[in-house]
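The values are calculated or read from the model by the stated rules, or taken from the named source; none is laboratory data. The structure displayed is predicted, hence computed values, not measured ones. Every residue, glycine among them, receives a Cβ derived from its backbone with ideal geometry; neighbour counts consider all protein chains shown.
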Amino acid sequence: MKKRLMLVMAALLMASHSAHAINARYRQLLERSGCTQMSEMQGCDIHKSKAENAKAGFVKKVPAEGVDPAASANASPYAGTWTAVGPDGGTVAEIQIDARNRVKVNGKSVKARRGDGGLTFKQGFITYFIQGDRRLKGEDYWVDSDAKTRGPINAR
């Protein structure tokens, strides 16, 4: 009986040990502090500001003194006009994104969300993803879940 109980307990412990994803509060602390998960493990304090962590040598980009943080947030990597290109080279959609990450696809406003290192939005069966790190090329794409097609999104 004891062996069976121990076996059940061990199985429950193994099953309950799941990978922990980053939660919203922790993500918010990381963004506010300028830390990454890696830099936090090296000593970056998520409870301090970006400026304080920059003085400690953990943050590379720091807003200038006296500059409104909301103004620096207006420098969105997504802002601009984008073209979704189909497999045959034709235009699938014209995408406009303003500095506040408000998105219009073919002139119609759509809801967008930031996550996974980029901006994701959907119109109909087509899901669009624009990478936030502009150094990465070829990472902007669209996927049509109905027609099972995919293509690149190019900045104009």
Looking at I97, I130, which is the one that is in contact (Cβ under 8 Å) with a residue 24 or more places away in the chain and within 26 Å of I22 (Cα to Cα)? I130
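Consider T149 carefully, then state whether it is at pLDDT 90 or above and within 29 Å of Q37 (Cβ to Cβ).
No; evaluated as a whole, the condition is false for this residue.
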From the list K111, K104, which one is modelled with pLDDT of 95 or more, of a type outside the set (V, I, T) and either at positive phi or surrounded by 13 or more Cβ atoms within 10 Å (Cβ to Cβ) (or both)? K104
Any residue in the range 69-88 that is farther than 16 Å from D133 by Cβ sitting within a Cβ distance under 6 Å of a residue that is at pLDDT below 80? List the pairs, counting only those 6 or more apart or interchain. P69/P63; S72/P63
Identify all residues within the range 114-152 that are loosely packed, with under 15 Cβ neighbours inside 10 Å, small (G, A, S) and in a loop (DSSP other than H, G, I, E, B); write none if there are none. G117, G124, G138, S145, A147
Taking interchain pairs and intrachain pairs at least six residues apart, which have beta carbon atoms under 6 angstrom, with the first residue in the range 24-47 and among the hydroxyl-bearing types (S, T, Y) and the second modelled with pLDDT of 80 or more? S33/I46; S33/K48; S33/N53
Take the range 36-51 and flag every residue that is buried (at least 16 other Cβ atoms within 10 Å of the Cβ) and at pLDDT 85 or above. C44, I46, K48, S49, K50
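Could you list all residues from the range 17-35 that are at pLDDT below 80 and either more than 15 Å from the chain's Cα centre (by Cα) or under 17 Å from K50 (Cα atoms) (or both)?
Of the range 17-35, the ones at pLDDT below 80 are 17-22.
H17, S18, A19, H20 - these are the residues of the range 17-35 that are at pLDDT below 80 and either more than 15 Å from the chain's Cα centre (by Cα) or under 17 Å from K50 (Cα atoms) (or both).
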The condition from (1) loosely packed, with under 14 Cβ neighbours inside 10 Å; (2) among the polar types (S, T, N, Q); (3) part of a loop (DSSP other than H, G, I, E, B) that T81 misses is numbered (3)
